[in-house]
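All remarks here apply to the structure that follows.
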Amino acid sequence: MSNQNQQVVLQLNKINKIFNPNTPLANHVLHDISLQVSRGELVALVGTSGSGKSTLLNVMGLLDVSSSGELYIQDHLTQGLSEQQRTQLRSESIGFVFQFHHLINAFSALENVLMPLMLRYGKPSKEQTEYAKYLLNEVGLSKFIYKPTNKLSGGQQQRVAIARALVSRPALVLADEPTGNLDTQTADEVFNLFERFNIEHQCAIVIVTHDPRLSARCPRTIRLDDGRIVYDGASVDLPTNFQAT
Amino acid sequence: MLFVNRLLNLRSLHNLHSSLWIEWRIALRFLADNPLQTLLISVAISVGAAVIVFITALMLGLQNNMINKTLGTQAHIRIEATQQHNIFSEIAEGRYVWALESPRAQRLQTINNWQQVRDTLDKYPQLNAVSPLISGPAFAQKGTARSSVALVGIDPKRYHGIINLQEYLLEGEFSVTASDVMIGSQLAEDLGLRTGDKLRLDAGDNRQSVMNVAGIFELGVRELDSRYVYTGLKQSQTLLNLPGGVTLIEIKISDVFVADYWARRLQKLTGLYVQSWMDSNAQLLNGLQSQTMTTQIIRVFVAMSVIFGIASVLAVSVVQRTREIGILRAMGSSQQQILRVFLLQGGLLGLAGSLLGVLLGYLMVQGFNSAGQRLFEIVLEPSMLLSAITIATVAGVVAAMVPARRAAKYDPAVAIRYV
Ligand SMILES: Nc1ncnc2c1ncn2[C@@H]1O[C@H](COP(=O)(O)OP(=O)(O)OP(=O)(O)O)[C@@H](O)[C@H]1O
Ligand SMILES: [Mg+2]
């Protein structure tokens with residue numbers, strides 16, 4: 001069991017990302033990023049605006065491709081995979097939560113949560129539906145499961161998005177400023193959910209946040225400045241001059 | 001562990017491609033989510049489909065009407081004996097001959113072995129009716145009134161398939177026997193004949209016969225109504241002094257537009273002189289062809305505007321849904337799935353629009369048919385409606401091709417940030 005806790009979910013070796021390479025608009029955003037995330041870790045990714053946090057998250061989530069370097073997700077080297085294989089790996093291993101909750105308004109809360117499963121398996125089974133309802137119940141939305149998502153408040157929508165990210169029991173959850181638009185109290189509640197699922201499901205979670213209170217609650221912090229990792233270690237040891245965002 | 005993982009991978013890969021369930025669901029929701037847009041484009045498609053259905057039905061009705069009128073009283077293919085011509089003797093090499101040729105008089109000629117030809121033709125199921133008959137000139141006489149006529153000796157059972165005289169009967173009954181003849185209405189008027197009257201037929205050389213007028217028909221073609229006298233085959237053979245012979249074999253086929261092909265085929269088969277209705281009605285044929293072409297052009301243009309309509313609506317919809325496409329991609333949907341979602345939307349729009357359009361077209365045809373003054377009735381065949389729906393649905397999918405491909409190719413990292 002302790003061996004499994006050490007299991008590496010995500011590994012980056014010297015990842016670089018250059019937008020519009022070989023053009024006058026070339027923009028080198030990520031420089032030689034190397035890091036590892038193991039099963040059950042809760043990691044805060046911090047840095048000033050424009051430092052490359054979202055870009056890094058997109059690369060880690062296979063939404064974007066790196067320009068050079070190696071990216072392993074659960075032992076799979078992702079460079080050289082076809083678009084189809086990347087999609088499959090993404091749907092099996094990764095759950096996303098975005099800043100603007102990014103739900104599909106044409107569907108109800110329950111259907112949004114089930115979406116990753118439906119895209120993969122078609123019509124959801126009873127067990128899958130039950131599990132989605134259970135997750136919605138866990139995030140405190142049992143009353144709203146059949147509501148169209150645009151009828152929900154921002155905090156409620158973000159909770160639907162969290163339930164959706166967890167429904168396929170991914171090994172890795174990537175959250176890009178999930179509390180960015182929420183008031184302090186709602187942000188705390190949403191963060192509590194991340195903490196809870198992190199412990200209960202042992203999924204690794206990487207959260208991008210500008211909120212020092214929340215990053216302090218993650219055991220580990222990675223700080224990015226101008227596309228370089230300037231700190232990677234225990235949150236409690238984060239130098240004070242790095243805490244400002 | 002890795003092995004299990006691989007098994008799982010294989011299974012999910014299989015599912016990704018075998019199930020269209022989620023694609024249907026997303027496509028339907030996207031359409032329902034924007035009801036006004038969906039309704040507007042459906043109405044636009046339906047108007048296009050209705051125009052196509054109506055104009056096709058109208059042209060079909062018009063052409064059928066013209067063909068029926070023309071071919072109702074005509075065989076599709078006529079087989080005659082080859083005409084007589086002069087045969088020149090061999091001309092020796094290096095010599096030139098001036099010759100004055102006077103064409104030969106064409107006497108009535110019978111078809112050799114016509115029973116055998118008839119039996120051969122009977123074996124083709126595509127030939128609906130094969131009717132040997134004998135036809136030649138004569139005079140009809142009542143009292144002192146005389147009129148030149150065409151004697152047509154028929155086998156009533158077979159001739160029924162060429163012209164159903166029963167349908168054109170004005171008075172009396174359909175009967176051609178040793179003593180009974182049928183005459184046209186114009187001839188009846190010219191000679192003052194009624195059913196039951198006696199009529200003297202004179203084919204020259206003192207071959208005469210007095211016959212009983214059993215019925216009077218009106219084919220609606222003056223030439224025929226003033227000249228045709230139908231008799232039994234034997235009777236005309238005797239009068240025309242061609243015992244046992246026929247001069248003509250008339251044929252009707254199921255598809256009138258391949259008459260040319262059959263004429264050429266039968267020409268080769270029999271070695272006789274074969275003509276199709278297309279040879280003798282070149283003007284009508286020309287008219288029909290230009291009508292068909294006009295209809296075709298209109299249909300193509302309407303179909304094109306429908307296709308571009310669907311394509312433009314979907315192009316807008318793809319842009320509107322950029323962010324949702326990004327979300328779906330992040331949730332693990334494949335490019336193929338996104339492609340299918342939009343192809344399905346195109347197909348569904350085509351289907352919905354054409355269903356509405358077929359209904360509209362049907363109403364238009366009903367309106368046309370119930371309008372007071374009309375020359376003919378339009379018949380809407382279910383097969384035409386079905387093909388209109390099928391074509392529109394396929395057109396919808398085709399129209400969706402370009403926007404759908406664009407949606408599938410979206411970079412998820414960019415799409416997700418789209419607002
Ligand atoms: N698609 C793109 N094309 C070109 N440049 C891009 C693209 N996406 C991001 N960038 C650039 O990459 C840099 C890092 O952007 P990124 O969004 O990763 O920053 P961030 O740390 O997430 O900032 P924020 O905290 O404001 O969200 C910025 O300079 C941005 O302009
Ligand atoms: Mg960002």
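Nothing in this text is a laboratory measurement; each read-out follows from the coordinates by a stated rule. What you see is a predicted model, and the numbers here were worked out from it, not measured in a lab. All Cβ positions, glycine included, derive from the backbone under ideal geometry; neighbour counts span all protein chains shown.
Amide H of residue A:76 versus every other amide H placed in the peptide plane: which residues, excluding those fewer than 5 positions away on the same chain, fall under 5 Å?
none
Given H placed 1.01 Å from N in the peptide plane, which residues other than close sequence neighbours of residue B:184 have an amide H under 5 Å from its amide H?
Long-range HN contacts for residue B:184: B:217, B:228.
Restricting things to alpha carbons, tell me how big segment B:240-285 is in terms of Rg and Dmax, in Å.
Taking only Cα atoms of segment B:240-285, I get Rg and Dmax of 12.8, 38 Å.
Over the alpha carbons of chain B, what is the largest minus smallest coordinate on each principal axis, giving the biggest first in Å?
108, 69, 46
Between residue B:32 and residue B:202, what length comes free when the chain is fully extended (0.36 nm per residue of separation minus the Cα-Cα distance, one decimal in nm)? Could you put the intermediate results ahead of the total?
Details: separation 170, 0.36 × 170 = 61.20 nm, distance 8.19 nm.
Stretched fully, the residue B:32-residue B:202 segment lengthens by 53.0 nm.
Which value, in debye to the nearest 20, gives the size of the charge dipole of chain A about its Cα centre, when Lys and Arg are +1 and Asp and Glu are -1 at the Cβ? If you can, show how the numbers build up before the last one.
On the way: 22 positive and 23 negative charges, 119 e Å.
It works out to roughly 580 debye.
For the protein assembly as shown, give the magnitude of the charge dipole about the Cα centre (Cβ charges: +1 Lys/Arg, -1 Asp/Glu; no others), in debye to the nearest 20. Write down the numbers at each step before the final one.
Numbers: 58 positive and 52 negative charges, 94 e Å.
Value, rounded to 20: 440 debye.
Considering the dipole of segment B:85-246 built from charges on the beta carbon (Lys and Arg +1, Asp and Glu -1) around the Cα centre, which of B:121, B:241, B:102 is farthest to its positive end?
B:241
Can you find, among A:10, A:63, A:38, the residue farthest towards the positive end of the dipole of segment A:9-96? Put +1 on the C-beta of Lys and Arg, -1 on that of Asp and Glu.
A:63
Relative contact order for chain B: what is it in percent, counting Cα pairs under 8 Å that are at least 6 residues apart? Walk me through the numbers on the way to the answer.
Numbers: 660 pairs, mean separation 103.0, N = 419.
Relative contact order, chain B: 25 percent.
Too long at a 26 Å Cα-Cα cut-off: which of B:69/B:268; B:123/B:268; B:69/B:198; B:142/B:234? Numbers along the way, then the final one.
On the way: B:69/B:268 30 Å; B:123/B:268 16 Å; B:69/B:198 31 Å; B:142/B:234 23 Å.
Distance filter (> 26 Å) returns B:69/B:268; B:69/B:198.
Which Rg and Dmax, in Å, describe the Cα atoms of segment B:293-384?
That works out to 19.5, 64 Å for Rg and Dmax.
Over the Cα atoms of segment B:150-263, how large are the radius of gyration and the largest Cα-Cα distance (Dmax), in Å?
Reported Rg and Dmax, both Å: 14.7, 45.
Would you mind ranking A:53, B:123, A:147 by Cβ crowding within 10 Å, fewest neighbours first? Display every interim value, and only then the final one.
Values: A:53 24, B:123 8, A:147 15.
With the sparsest Cβ surroundings first, the list reads B:123, A:147, A:53.
Given Cβ point charges of +1 (Lys, Arg) and -1 (Asp, Glu) and nothing else, what value in debye, to the nearest 20, does the dipole of segment B:85-246 about its Cα centre take?
Details: 16 positive and 18 negative charges, 67 e Å.
I would put it at about 320 debye.
Could you work out the Rg to Rh ratio of chain A, with Rh taken as the Kirkwood radius (inverse of the mean 1/r over all Cα pairs)? Before the final figure, lay out the partial values.
On the way: Rg = 17.8 Å, Rh = 18.5 Å.
Result: Rg/Rh = 0.96.
Give, in whole angstrom and from largest to smallest, the semi-axes √(5λ) of the equivalent ellipsoid of segment B:85-246, with λ running over the eigenvalues of the Cα gyration tensor. Each step should come with its number before you reach the end.
Numbers: eigenvalues 246, 96, 40 Å².
For segment B:85-246, the semi-axes come out at 35, 22, 14 Å.
For the protein assembly as shown, what ratio Rg/Rh do Cα atoms give with a Kirkwood hydrodynamic radius? Please report the intermediate quantities before stating the final value.
On the way: Rg = 42.9 Å, Rh = 32.5 Å.
Looking at the protein assembly as shown, the ratio lands at 1.32.
Looking only at B:114, B:277, B:98, which one moves most when chain B is put into a Gaussian network model with springs between Cα atoms under 10 Å?
In this elastic network of chain B, the residue with the biggest mean-square fluctuation among B:114, B:277, B:98 is B:98.
Gain in length, residue B:85 to residue B:124, computed as 0.36 nm per residue apart minus the alpha-carbon separation, to one decimal in nm? Don't skip to the end; give the middle numbers.
Working: separation 39, 0.36 × 39 = 14.04 nm, distance 3.15 nm.
Extra length from residue B:85 to residue B:124 when fully extended: 10.9 nm.
What ranking do B:54, B:217, A:100 get, fewest neighbouring Cβ atoms within 10 angstrom at the top? Spell out each step's value before the answer.
Values: B:54 21, B:217 25, A:100 17.
Fewest to most other Cβ atoms nearby, the residues stand as A:100, B:54, B:217.
Could you tally up the Lys pairs in chain A with alpha carbons closer than 15 Å? Skip any pair fewer than 8 positions apart unless they're on separate chains.
Details: A:17/A:53; A:133/A:143; A:133/A:147; A:143/A:151.
Summing the qualifying lysine pairs gives 4.
Would you kindly work out the equivalent ellipsoid of segment B:332-394 from its C-alpha gyration tensor and give its semi-axes, the square roots of five times the eigenvalues, largest first in whole Å?
Details: eigenvalues 279, 19, 6 Å².
Semi-axes, largest first: 37, 10, 5 Å.
Of B:367, B:24, B:224, which is farthest on the positive side of the dipole of the protein assembly as shown, counting Cα position, with +1 on Lys and Arg Cβ, -1 on Asp and Glu Cβ, and the Cα centre as origin?
Value computed over the given set: B:24.
Can you tell me which aspartates and glutamates have their Cα less than 18 Å from the Cα of residue B:157? Leave out same-chain residues fewer than eight positions away.
B:119, B:122, B:167, B:173, B:180, B:250
If we count other beta carbons within 10 Å of each Cβ, what is the order of B:342, B:174, fewest first? Provide the component values of the computation, followed by the final result.
Values: B:342 29, B:174 18.
Sorted ascending by nearby Cβ count, the order is B:174, B:342.
Can you tell me, using C-alpha contacts under 8 Å and at least 6 residues apart, the relative contact order of chain A as a whole percent? Show your work: numbers first, answer last.
Values: 468 pairs, mean separation 66.0, N = 245.
It comes to 27 percent, rounded to a whole number.
So what is Rg over Rh here for segment B:208-270, counting just Cα atoms and using Kirkwood for Rh?
Working: Rg = 16.1 Å, Rh = 15.0 Å.
Rounded to two decimals, Rg/Rh equals 1.07.
For segment B:28-84, report the convex hull volume of the alpha-carbon atoms normalised per residue, in Å³, without decimals.
Values: hull volume 7.6 nm³, N = 57.
Enclosed volume per residue, from the Cα hull, is 133 Å³.
Between A:133, A:123, A:17, find the one with the highest GNM mean-square fluctuation for chain A; connect C-alpha pairs within less than 10 Å.
Maximum fluctuation in the GNM of chain A, among the listed residues, is at A:123.
What length, rounded to one decimal in nm, is gained on full extension from residue B:283 through to residue B:418, with 0.36 nm per residue of separation minus their alpha-carbon distance? Please report the intermediate quantities before stating the final value.
Values: separation 135, 0.36 × 135 = 48.60 nm, distance 6.37 nm.
Stretched out fully, the residue B:283 to residue B:418 stretch lengthens by 42.2 nm.
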